[in-house]
1. Can you give me the number of residues within the stretch 576-591 that are in a loop (DSSP other than H, G, I, E, B) and in contact with a Gly (Cβ under 8 Å, 6 or more places away or on another chain)?
2. Say we look at the stretch 651-695 and pick out the residues that are hydroxyl-bearing (Ser, Thr, Tyr) and in a strand (DSSP E or B); which of these is nearest to Pro832 (Cα to Cα)?
3. Would a scan of the stretch 220-236 turn up a residue that is part of a loop (DSSP other than H, G, I, E, B) and farther than 22 Å from Leu51 by Cα?
4. Farther than 29 Å from Tyr764 by Cα, outside the structural domain of Ser189 (by TED's automatic domain parsing) and surrounded by 15 or more Cβ atoms within 10 Å (Cβ to Cβ): is that true of Asn486 in this structure?
5. For residues that are open to solvent by 10 Å² or more (accessible area, probe 1.4 Å) and polar (S, T, N, Q), scanning just the stretch 180-236, find the one that is nearest to Phe448 (Cα to Cα).
6. Of the residues in the stretch 395-419, how many are open to solvent by 20 Å² or more (accessible area, probe 1.4 Å) and in a loop (DSSP other than H, G, I, E, B)?
7. Could you say which residue among Arg800, Arg817 is open to solvent by 50 Å² or more (accessible area, probe 1.4 Å), closer than 30 Å to Val585 by Cβ and part of a helix (DSSP H, G or I)?
Amino acid sequence: MIKVLNKQYSDKESLKTLNPIVKNWFISKFKELTPPQKFSFKTIKDKKNVLITAPTGSGKTLSAFIPIINKLVELSINDVLNDEIKCLYISPLRALNNDIYKNLVLPIEDLYKTPELAEKKKITIGVRTGDTPQNERRKQFVHPPSIFVTTPESLAIMLNSPKFIQKFVNLEYVIVDELHELANSKRGSHLVVSLERLSDSIKHDFVRIGLSATIYPLDKAARFLVGTKRSCVVIDASWSKKINAKVISPVRDLIYTNESEIDTAMYNIIDNIVRKKRTTLIFTNTRSGTERLVFNLKKRFGYKDEEVSAHHGSLSREERFSVEENLKNGKLRCVVSSTSLELGIDIGSIDNVIQINSPKSITRALQRIGRSGHGFKDTANGDLIINNRDDLIECTVMLYDGLKRKLDSFTMPENPLDVLAQHIVGMGLNKIWDAKDAYNLIKKAYPFRNLDKKDFLGLIKYLAGEYVSLRERSVYGKIWFDNTSNKFGKRGRLTRLIYYTNIGTIPDEVAINVYIWGTKKKIGNIEEEFLEKLKKGDVFVLGGKVYKFQRSSAADCFVLPANGEKPNIPPWFSEQLPLSYELAVDIGKFRREFSSLINNMPKEKFVYNNQKEVPKKVKEYLISMPTDKNSIASIYEYMIEQTYFTGKVPSDKLILIEKTKYNDKEYTIFHSLFGRRVNDALSRVFAFILSDKIGEEIELVINDNGFALISNKKIADNTIKSVISSACNQDIRKIIKENIKRTEILRRRFRHAAARGLMILRNYKGHRIRVERQQINAQALLRIISEMDENFPILKEAYREIEEDVMDIVNASGILRGIKDKKIKYSIIETPIPSPFSHNLVTIGETDVISIKNKKEYVRQLHRLVMEKISEKQNANK
């Protein structure tokens, strides 16, 4: 049972749960309990599983640790504190583990200065990650720490150390930090199975404590933490901290103001905030954006290296650590980060957060803004600086939802079979298992609650080496399985070494060399994540020149020059965060309400940027929105342009299908504001069906607000209706599966799944296997398996990951059901030029062949044409 705790305990009740020594220390250090602490002290004292969600600086970490330290102090006083692990703390971040160590050492040292504890056995803390030296590991084995700090991967290795697992035999508490980060990924799926195995190995359960900044839905997060068979108390202190945030447009006119003026206005706003505040943290979403912003701050305003720094994943660990320490110690005025500082690494007190362009998710926006205002009574201050009209609407709705306490849902991988393969091998290393018992244990973990018995037995069959044809590719059995007794266990003396050196869920990545097809001429590199988005015929830019993708090998990509062709895959496509589905639907709702407002107003002659006041009714509607005057004016103009030009505004209830011509190609644009992951799935389905109907290869362009099917000839309305009807009445999983066969994304994702599933090895006998060699092995295996058994578990997982984690086939299917049930309508229109809402979509890739300045001029030309058409309509209606 999941229960939300609504009533706080008083400070007196909470402090009463503490030993007098701990209580007196706590009172001497803190004036009062923070909101999560008012809930947690008694709850954890009562040995209840608990999920604590609270903002940064709210005392969340101590809300979990103080009751545990209290228990350890009591054991110490009574001389029964032994060398054994009583508390296990797990975090996805090594840096956070070091923070926890430092933040716990001081309180424990203070406590042991009291006379009652001075001569007693001391509470100890140990950190175990992949970086921990061997001599430190030996010390931990001989004298296990009271509090053990580790990562999911290190825990998985320790589970299969028969001697070390005994050190957990009296474990009482497990803390899982940054739960929101883990629940969204296969690392989290791996971890929760590890916790079930840990409980089974030590023959008793333990108190589970989850810590998260912002996560939704809470009942699902609690289930993720405790599994399917346990109860959990939810402490929701997410909204205990005040938030002051707004959307800023640097200029009044985002269309005709030149780029240098917009940049200057943006950098002046940033500089003004940085100079007024002691410390400012800026998020940019991309590494390249981070470097560009740091460079410009230094160049334009004379900031020195010791005042402004960059922080992102491409920097060395030492460099990142130095930036974190300097920021924490107040030596830096400003740090610019891509995404690397949004998690709970201790960076001290931040006065203000700036977000450049949309973070694409309500939860992510609040997570980042919440890094400011370090004290629980402080206000979190954030400014979202936006220079794009679509993003203005997006971020306005995003902050409005966030301030109204609405979050987007986390997306948990369901039944990831590659993760499960690792655990089955690990379980076989420990003992002989009855397959039924193993299956039941795994199903206790929430991501595997619906695990199909056939899939489980399919994995057993694969891991037991029953696919003889795979042995030719050096895929051997890692367990034995007896069909008669239904038991399995370890097979082969190298299996333990293979398991230890290949465990984990984060795939190896490699830079892909790009060559001119049919030559040895290398023209540059692209990221593997970018390559997996390409299909034959896609056009992109590298080094300022245009190329058409032909094919790839393991670590090479082959292209042909495509001078004069327009790119359909922008270079930032693989870096860009996708818009969350819930936020996309709310933006659609905003459009619908705003459109209704406009349609109910007296029709006035509309002239763009005529400096008139925004109508009173519009102001009244937008006054509650967290946005500035420039943004309000831009949003109003953008919405009224689309309304006057097409007569219809796409929304959460209406998909507008626009037929138009651009760059001598016919565009059928689906204005489907459901986020890029949903649009990726829908576009592939529609393109696949349409291609069959008209006998022509269809080009695709996708973004969060919709997608375009690009063809040589105009698509008839009846054909479009037929395509939609066909999609609504088919199993789109089958269509997408057929669509992604023989694509780069399947080849790459299969390699990832095969590596996680121990089918191909990343390490063998102490030697690192190059990613290129892994990819060659994976492609050979993919060919064999595709012919042998399309339901082979690792291939099945590769398809599932693409359909559910990369795309969003679940919500895409929901959209099609909505169309079929007439809950979502669609309308087909034809426009002489692309409508305002389509400009960002049809000009995707333009910045790759021309300058940003000239791309803006393209948009201006389209905008002028739109305004001319609106003027013609208005004059005709006089």
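The values are calculated or read from the model by the stated rules, or taken from the named source; none is laboratory data. Quick caveat, the model's predicted, so the values are computed rather than measured. Cβ: placed from backbone, ideal geometry, glycine included. Neighbour counts: every protein chain shown. We work out accessible area using only protein heavy atoms, side chains counted, and drop any ligands, DNA or RNA first. Shrake-Rupley method; radii C 1.70, N 1.55, O 1.52, S 1.80 Å.
1. Of the residues in that region, 3 qualify.
2. Looking at the filtered set, the residue picked out is Thr660.
3. Checked the stretch 220-236: no residue is part of a loop (DSSP other than H, G, I, E, B) and farther than 22 Å from Leu51 by Cα.
4. It is true that Asn486 is farther than 29 Å from Tyr764 by Cα, outside the structural domain of Ser189 (by TED's automatic domain parsing) and surrounded by 15 or more Cβ atoms within 10 Å (Cβ to Cβ).
5. Thr228
6. 7
7. Result of the check over Arg800, Arg817: Arg817.
Residue-by-condition table, conditions (1) surrounded by 17 or more Cβ atoms within 10 Å (Cβ to Cβ); (2) part of a loop (DSSP other than H, G, I, E, B); (3) in the same structural domain as Leu341 (by TED's automatic domain parsing); (4) on the phi > 0 side of the Ramachandran plot:
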{"residue": "Thr43", "(1), (2), (3), (4)": "yes, no, no, no"}
{"residue": "Lys48", "(1), (2), (3), (4)": "yes, yes, no, no"}
{"residue": "Ala64", "(1), (2), (3), (4)": "yes, no, no, no"}
{"residue": "Leu72", "(1), (2), (3), (4)": "yes, no, no, no"}
{"residue": "Asp79", "(1), (2), (3), (4)": "no, yes, no, yes"}
{"residue": "Tyr89", "(1), (2), (3), (4)": "yes, no, no, no"}
{"residue": "Tyr101", "(1), (2), (3), (4)": "no, no, no, no"}
{"residue": "Asp110", "(1), (2), (3), (4)": "no, no, no, no"}
